[in-house]
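Down below is the structure, laid out as structure tokens.
No value in this document is a laboratory result; all are computed from the given coordinates. Predicted model, so just to flag it, every value in this text is computed and none were measured. No Cβ is skipped: glycine too gets one built from the backbone with ideal geometry, and neighbour counts run over all protein chains shown.
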Amino acid sequence: GLRDFLQDPKLVFTTHDCRGDCDILYHTHNVRLVNVIDTQVTYALYTQQTKSFYPLPIGLNRLLSLFAKGNINRMKDEAREEMINDDKYWERRPLTVVMAQYASEDVLYLSLALKQMWTVMNPIYREHAKKVSME
């Protein structure tokens with residue numbers, strides 16, 4: 001099932017700031033992602049190597065605007081007010097069209113952003129990003 005998928009060592013998951021998600025998966029379902037690369041971690045190491053600076057943590061849309069050719073999650077503004085006013089927003093089932101679009105746009109350009117950062121990063125920083133992402 002889902003556990004086997006998330007723990008499959010042949011798959012690599014690109015995420016953005018997944019610490020909270022990983023914590024919930026582990027403590028509620030005893031699932032530990034085995035191959036994850038976090039773009040938040042990667043960006044921190046990218047700025048270290050390139051000596052560039054943008055305050056950390058970097059939001060997903062800001063990261064995408066820098067490294068995914070300006071492709072951002074345009075659904076954030078539409079969903080933000082509802083998420084702020086409803087603590088159980090993501091517990092609703094079935095997901096609304098807005099929720100599904102929001103979730104899909106949150107991951108749509110992550111691989112492109114990661115690739116753009118990795119083209120600049122030397123192998124030592126890339127390996128460190130992989131290692132720290134798994135902690």
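Observations on the structure shown:
- For the chain, the tally of Lys pairs with Cα-Cα distances below 22 Å comes to 11, considering only residues 8 or more apart or on different chains.
- Extension reserve of the Phe53-Glu127 stretch, reckoned as 0.36 nm per residue once the Cα distance is removed: 24.6 nm
- Using a Gaussian network model of the chain in which every pair of alpha carbons under 10 angstrom is joined by a spring, one finds that among Gly70, Gly59, Gly20 the greatest mean-square fluctuation is at Gly20.
- The tail of the calculated P(r) for the stretch 1-79, taken as Cα-Cα distances beyond 15 Å, holds 65 percent of the pairs.
- Under 5 Å from the amide H of Thr15 lie the amide H atoms of Ile37, Asp38, Thr39, each residue being 5 or more positions distant or on a separate chain, with H modelled from the backbone and absent for Pro and chain starts.
- Extending 7 Å from the Cα toward the beta-carbon at both Lys88 and Arg32 defines two label points whose distance is 3.3 nm.
- For the stretch 111-128, backbone phi angles converted through the Karplus equation (6.51, -1.76, 1.60; θ = phi - 60°) give residue-by-residue couplings of 5, 5, 4, 4, 4, 4, 5, 5, 5, 9, 6, 6, x, 5, 5, 5, 4, 5 Hz, Gly and Pro being listed as x.
- Once backbone amide H atoms are built at 1.01 Å from N, Met121 has no partners under 5 Å, excluding neighbours fewer than 5 places away on the same chain.
- Computed about the Cα centre, the dipole magnitude for the chain is approximately 520 debye when only Lys and Arg (+1) and Asp and Glu (-1) carry charge, each at its Cβ.
- Whole-Hz couplings from phi, Karplus 6.51/-1.76/1.60, listed for the stretch 52-65; x for Gly and Pro: 8, 8, 9, x, 9, x, 9, x, 4, 4, 5, 4, 5, 5
- The value given for the stretch 30-135 is a Kirkwood hydrodynamic radius of 15.3 Å, derived from the mean inverse Cα-Cα separation.
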